[in-house]
Amino acid sequence: MLLSEYDIEYRAQKAVKGCVLAEYLAHQPIDDHQSIRMDFPDEDVMYLRSLDCDEPLPEEGPEPGSKWGLIFDGASNIHGHGIGAVIITPQGSHIPFTARICFDCTHNIAEYESYIMGLEEAIDQRIKILDVYGDFALAINQIKGECETRHPGLIPYKDYARRLLTFFNKVEFHHIPRDENQMADALATLSSMYKVNFHNEEPQITIRRLDRPAHVFAVEELTDEKPWYFDIKHFLQTQEYPLRASKKHKKTLRRLAGSFFINADVLYKRNYDMVLLRCVDRHEVDMLMHEIHEGSFGTHANGHLMAKKMLRAGYYWLTMESDCYKFVKECHKCQVYADKIHVPQTLLNVISSLWPFSMWGIDIINMIEPKASNGHRFILVAIDYFTKWVEATSYANATRQVVVIFIKNNIICRYGVPSKIITDNS
């Protein structure tokens with residue numbers, strides 16, 4: 001009953017994920033004097049970027065003072081034991097290392113082996129400042145001295161790892177969850193499945209980059225690099241048909257050429273309202289769609305609106321609407337935020353006034369030159385903080401009596417006595 005005067009509106013729950021953070025804080029309350037534990041690693045740790053592993057590092061070594069990263073992990077399964085480590089450069093590139101363990105060991109020993117392999121590779125690269133990330137909390141806590149090492153098989157690994165740390169100027173250890181250590185875990189799992197014999201060469205794995213499906217390459221081999229309007233443009237310039245063109249194709253080409261116009265080696269398409277639209281090739285199409293959809297003035301519109309914008313801008317190609325629809329489907333931001341129809345278009349602001357016409361702001365716009373036809377030079381403006389309603393009147397002179405009359409006639413008599421009036425006393 002006490003809250004009924006505030007017009008509280010209740011709505012049904014839309015999504016469970018919207019209250020996950022609130023439920024987490026409710027189930028795990030903390031006192032004010034306790035600090036929240038931040039178990040999240042650096043955001044740039046799992047940032048992946050393509051890197052040619054055969055690219056050598058500079059002979060003079062890394063720049064002094066630059067911070068590098070190291071991710072390590074070990075894997076033990078029925079196929080064997082494998083270790084993997086990834087060195088992260090200050091620019092965000094990744095240098096992977098992997099090996100197969102050919103002797104009997106435990107999972108903890110495999111984790112230590114991967115950690116030591118990463119340190120040795122970092123020493124070979126003459127790295128001095130290093131951040132170590134791993135999901136093996138035991139090794140990290142033992143090396144930092146927070147945990148005691150009692151297993152006889154791990155004590156030599158701990159001592160050797162401590163000796164390797166003397167080659168660095170600064171080393172920081174960070175524990176990350178297993179889900180965020182997938183790159184090193186994949187290398188370790190892969191190496192554990194290879195059967196490496198003493199006389200066999202070590203397997204070489206090359207990761208290539210495929211930007212398009214395999215069938216696209218086969219289609220492109222059969223097509224040329226000519227634009228889609230090449231035959232139309234050639235026909236308008238020379239009145240010649242393409243080689244080995246049938247009667248049906250010649251008839252279609254003549255019909256299409258009737259709606260095109262060429263001027264100074266530039267082909268234009270006549271629109272239904274006789275507006276000339278410039279024909280663009282594939283390279284220009286990709287640039288235009290990117291700029292209009294998500295460029296400086298892009299609004300991430302749908303495919304239909306994008307095609308209309310292209311026409312209004314004066315560009316044309318045959319498959320413009322289907323290409324725009326395909327481009328929108330491949331836009332990551334559109335797939336993430338397109339379904340949030342209840343999100344406001346602008347940022348929400350704190351309302352300083354809870355009731356309409358209860359708080360007004362008043363100011364005077366003075367000395368307008370030249371004067372109005374009735375001799376008025378001052379404008380008295382009042383704005384309601386809740387509804388943004390504006391009341392404005394012009395006067396010849398801005399005096400105390402004029403302001404009192406304005407407040408009485410334009411505010412009190414129309415909307416009632418306000419609770420607050422804000423002004424700079426001008």
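Surface composition of region 293-335: carbon and sulfur make up 55 percent of the accessible area, probe 1.4 Å.
Relative contact order of region 353-426, taken over Cα pairs closer than 8 Å and 6 or more residues apart, is 36 percent. TYR385 exposes around 80 Å² of accessible area when a 1.4 Å probe is run over every protein chain in place. Note on LEU354: accessible area approximately 120 square angstrom, rounded to 10, probe 1.4 Å, nucleic acids and ligands left out. The listed residues HIS234, HIS293, HIS283 rank as HIS283, HIS234, HIS293 when sorted by accessible area, largest first, using a 1.4 Å probe. Subtracting the Cα-Cα distance of LYS251 and LEU348 from 0.36 nm times their residue separation leaves 28.9 nm of extension gain.
Ignoring ligands, DNA and RNA, what accessible area per residue does region 383-426 give at 1.4 Å, in Å²?
74 Å²
Separation of the alpha carbons by more than 22 angstrom is noted, of LYS309/LYS333; LYS128/LYS158; LYS371/LYS420, for LYS371/LYS420.
Viscosity 1.002 mPa s, temperature 20 °C: what is the translational diffusion coefficient of region 138-191 from Stokes-Einstein with a Kirkwood Rh over Cα pairs, rounded to a whole number of µm²/s? Here the translational diffusion coefficient equals 164 µm²/s.
Taking all protein chains together and a 1.4 Å probe, the residues SER246, SER373 rank SER373, SER246 from largest to smallest accessible area. Bridging of LYS250 to lysines at a Cα separation below 29 Å is possible for LYS226, LYS233, LYS269, once same-chain residues fewer than 8 apart are set aside. Set the Förster distance to 22 Å, then compute FRET efficiency between ILE412 and TRP355 from the Cβ-Cβ distance, nearest 0.05. Calculated transfer efficiency: 0.90. Accessible surface ranking for PHE386, PHE357, 1.4 angstrom probe, highest first: PHE386, PHE357. Amide H to amide H, with H built 1.01 Å from N, ILE262 comes under 5 Å of TYR268, counting only residues 5 or more places away or on other chains.
Per residue, region 61-121 exposes 38 Å² of solvent-accessible protein surface, assessed with a 1.4 angstrom probe and all protein chains in place.
The values are calculated or read from the model by the stated rules, or taken from the named source; none is laboratory data. These numbers come from a predicted model, not from an experiment. Here Cβ is always computed from backbone atoms with ideal geometry, including for glycine, and neighbour counts include all displayed protein chains. Accessible surface is based on the protein model in full, side chains and every heavy atom, while ligands, DNA and RNA are left aside. Shrake-Rupley method; radii C 1.70, N 1.55, O 1.52, S 1.80 Å.
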